[in-house]
Amino acid sequence: MTSTKAYLPVTLKAYIGVETEANARQLEQYFKTGSGRPSPTNGFGGLNPPD
């Protein structure tokens, strides 16, 4: 793992919370594949946003 010290301080731009670890792993895999830009309209790669 590379160090992030050179990039400090950082600012949190977004936070996505999910209910289960399974959903978190699915979402993480989606982001890592580069399958496009996630948005609420495409369901975040199969994860449906809460109503």
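The values are calculated or read from the model by the stated rules, or taken from the named source; none is laboratory data. Just so it is clear, the structure is predicted and the values come from calculations on it, not from any experiment. SASA here: full protein model, heavy atoms, side chains in, ligands and nucleic acids out. Shrake-Rupley method; radii C 1.70, N 1.55, O 1.52, S 1.80 Å.
Would you mind stating whether residue 36 is open to solvent by less than 90 Å² (accessible area, probe 1.4 Å) and either part of a helix (DSSP H, G or I) or modelled with pLDDT of 60 or more (or both)? Walk me through how you get there before you give the answer.
Values: open to solvent by less than 90 Å² (accessible area, probe 1.4 Å): yes; either part of a helix (DSSP H, G or I) or modelled with pLDDT of 60 or more (or both): no.
No; evaluated as a whole, the condition is false for this residue.
Restricting to the range 1-19, give me the number of residues that are open to solvent by 100 Å² or more (accessible area, probe 1.4 Å) and assigned to a loop (DSSP other than H, G, I, E, B).
Qualifying residue count, the range 1-19: 10.
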